[in-house]
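Data first, discussion second: the structure below is written as structure tokens.
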Amino acid sequence: STGPQPLIWGITVANSGTTAAPGSFGVIEGDTFANASGAAYQQSAATLATAPSGTFVFRTHVTTSGTSIAGSQASVGLIDFASNGTVTVNDDYNNSGTAGTSSNFSGTFTTPSAGIGSLSYTDGMGSHSYDYFVIDASDMLLYETDGLNASPGLGRAEAQQVPTGGFVNASFNGSYAFGSRGDTSASGAGAVNSVGQLTASGNGNISGGSFDWARDGSPQLSQTIAASTYTLSSSGRVTTTLSASAAGSIGDVLYMVSPTRAFLLVVSDPSRVEDGSMDLQSGAFSNSTFTSQYAFVMGGAVSAVPLDRTGTIQSDGNGNLGWAEQVNSGGTGNGVCLTGTYSVSANGRTTASVSTLSSSLVFYLVSGSQAYALQGDTGTQMMGGMVNQSQPVPAIPGIF
């Protein structure tokens, strides 16, 4: 159809916002002509006209518009904002399955007006132009505005917090939960989703971890990540190759926002374009860790039909949960309240079964306040995240 279209949104408040902490919510498009899922973040009024400054870690993704990875692009890297309105970019990218690295590419940016500025730069994939949307002095969202891509690119950038003396191997130390998503050559957009956990030793070794993924509608759950190694440069760039049982060898590049957070890109597989984020886990994990009311948002497809959902999960700390959701399945909306059970492992991997929905939900807890989420049923490609509604958590895992 042509002309104006009504927009209907389904919203779940993640936190309401106070003077001490910004608000955020999960959101899905609930109308009949489109499916979409994401998150919204309260802007800081004090920074709406303030130019970004210093080094930001970013990731971007352009989703393919077809049934292959032609046109799919993803990147992770560093943008250095200078006071004269110029930027310097270093990144790693995956362009339709071909990986590469860009060094010291240049560009320009404008100071934001009413929270929106422009950013242009060139990297190994070509010239890019973005509108950037200020969340606060440390966080921004990106929307690609150039005509190079059939599908607009989305992204996120966060101010890098460099340890004193720069990043060293010890900066990557502890257990990290992660989530990533992307496109494949066999099925196109959104056909690969991954969640997991790994433990870095701080001395160049990864002792192992756990991994769950779904690719082209075929899940591989509860896989083991074998011991491996990593290298970390003073810029915060990490390279590693993970071996995840049936998923095989996975070459990753990470850029550390801080010792507790990183953006990641898969660079080893010419048949997929996949990127995501990783967060340091905190606390011990058991059923009692997962106890509160959480806002969640997930997006993808079930049996090739686009589907997005948002709502609340209420867990009791004893393995029981309530699940309330708004759903848009191929343009048809619905709302249901369901019950289920869950079990939390010591590494934060949580399995859940919800009546009439799924017996193969997997969450990887970052803490008792947030988690990455995957639905692991055959024929399903659904991923997202959740946050505790009573906590000031600004970013929903798995979502820009």
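The values are calculated or read from the model by the stated rules, or taken from the named source; none is laboratory data. It should be emphasised that the depicted structure is a prediction, and the values quoted were computed from it without experimental measurement. Neighbour counts run over all protein chains shown; Cβ positions are idealised from the backbone, glycine included. Remember, those area values only see protein heavy atoms, side chains included, never the ligands or the DNA or RNA. Shrake-Rupley method; radii C 1.70, N 1.55, O 1.52, S 1.80 Å.
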### Message
Using a 7 Å offset from Cα along Cα-Cβ at S103, what residues in segment 120-134 end up with backbone N under 15 Å from the label point?
### Response
124
## Note on the structure
In debye to the nearest 20, the charge dipole size for the chain, taken about the Cα centre with +1 at each Lys and Arg Cβ and -1 at each Asp and Glu Cβ, equals 500 debye
### Query
Normalised by the number of residues in the chain, what is the relative contact order in percent for Cα pairs under 8 Å and 6+ residues apart?
17 percent
### Kirkwood hydrodynamic radius of the chain, Cα pairs, Å
21.1 Å
### Summary
The percentage of the accessible area of segment 146-234 (probe 1.4 Å, all protein chains present) made up of carbon and sulfur atoms, to the nearest whole number, is 50 percent
### Query
Say each of Q293 and A34 gets a label point 7 Å from the Cα, pointing the same way as Cα to Cβ; how far apart are those two points in nm?
3.1 nm
### Query
What accessible area per residue comes out for the chain, rounded to a whole number of Å², with a 1.4 Å probe?
37 Å²
### Task
Evaluate E = 1/(1 + (r/R0)^6) for V13 and S282, where r is the Cβ-Cβ distance and R0 equals 22 Å; express this FRET efficiency to the nearest 0.05.
0.40
#### Entry: Additional length obtainable on full extension of the chain from S271 to A82, 0.36 nm per residue less Cα span
64.4 nm
### Message
Report for the chain the percent antiparallel among DSSP-assigned beta bridges with both residues inside it, nearest 5.
### Response
100 percent
